[in-house]
Amino acid sequence: MGCLSCRGGDMVEGFEAYFAKLKSGGYLIIENVPCFVCDQCGEVVYSTAVIAKIEKIIEFCEKLHSKISIIDYNKAAA
């Protein structure tokens, strides 16, 4: 699959950290999120299934009232 951002690189499977600012004012870092990364420009793309799981993790973390949460994707998405 080619990169839609730079149009020159190829998207390869990888893992990245996902950062989100929560509505509660806190911040969330989800580590080891499966994605596709452009081998040329570094653009990161998540599948719709991964985005759905990320949304559930964010929803859960909104209820924690924590300023900073760091979660491992593999443990939280199971």
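The values are calculated or read from the model by the stated rules, or taken from the named source; none is laboratory data. The structure presented is a predicted model; accordingly, all values stated were derived computationally and were not measured. Ideal geometry is used to build each Cβ from the backbone, glycine not excepted, and the neighbour counts take in all protein chains shown. Note: accessible area is taken over every heavy atom of the protein model, side chains too, but ligands, DNA and RNA are not part of it. Shrake-Rupley method; radii C 1.70, N 1.55, O 1.52, S 1.80 Å.
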**Request:** Over the chain, average the accessible area per residue using a 1.4 Å probe and give it in Å², no decimals.
**Result:** 68 Å²
**Request:** Answer rounded, prolate or oblate for segment 1-67, using the Cα gyration tensor with square roots of eigenvalues a ≥ b ≥ c: rounded when a/c is under 1.5, else prolate when a/b is larger than b/c, else oblate.
**Result:** prolate
**Message:** How much of the DSSP bridge set in the chain is antiparallel, in percent, rounded to the nearest 5?
**Reply:** 70 percent
**Prompt:** Can you pull the percent of segment 1-76's accessible area that's carbon plus sulfur, 1.4 Å probe, other chains left in place?
**Reply:** 54 percent
**Message:** If you fit an axis through the alpha-carbon atoms of helix 48-62 and take the longest principal axis of the Cα set of the chain, what angle between them do you get, 0 to 90°, nearest 10?
**Reply:** 20 degrees
**Request:** Would you mind working out the magnitude of the charge dipole of the chain relative to its Cα centre, with +1 at each Lys and Arg C-beta and -1 at each Asp and Glu C-beta, to the nearest 20 Debye?
**Result:** 420 debye
**Request:** Can you find, among SER47, ASN32, SER66, the residue farthest towards the positive end of the dipole of the chain? Put +1 on the C-beta of Lys and Arg, -1 on that of Asp and Glu.
**Result:** SER66
**Prompt:** Going highest first, how would you order 5-11, 33-39 by mean Cβ packing within 10 Å?
**Reply:** 33-39, 5-11
**Asked** Roughly how big is segment 1-45's charge dipole about its Cα centre, with Cβ charges of +1 (Lys, Arg) and -1 (Asp, Glu), in debye to the nearest 20?
**Response** 320 debye
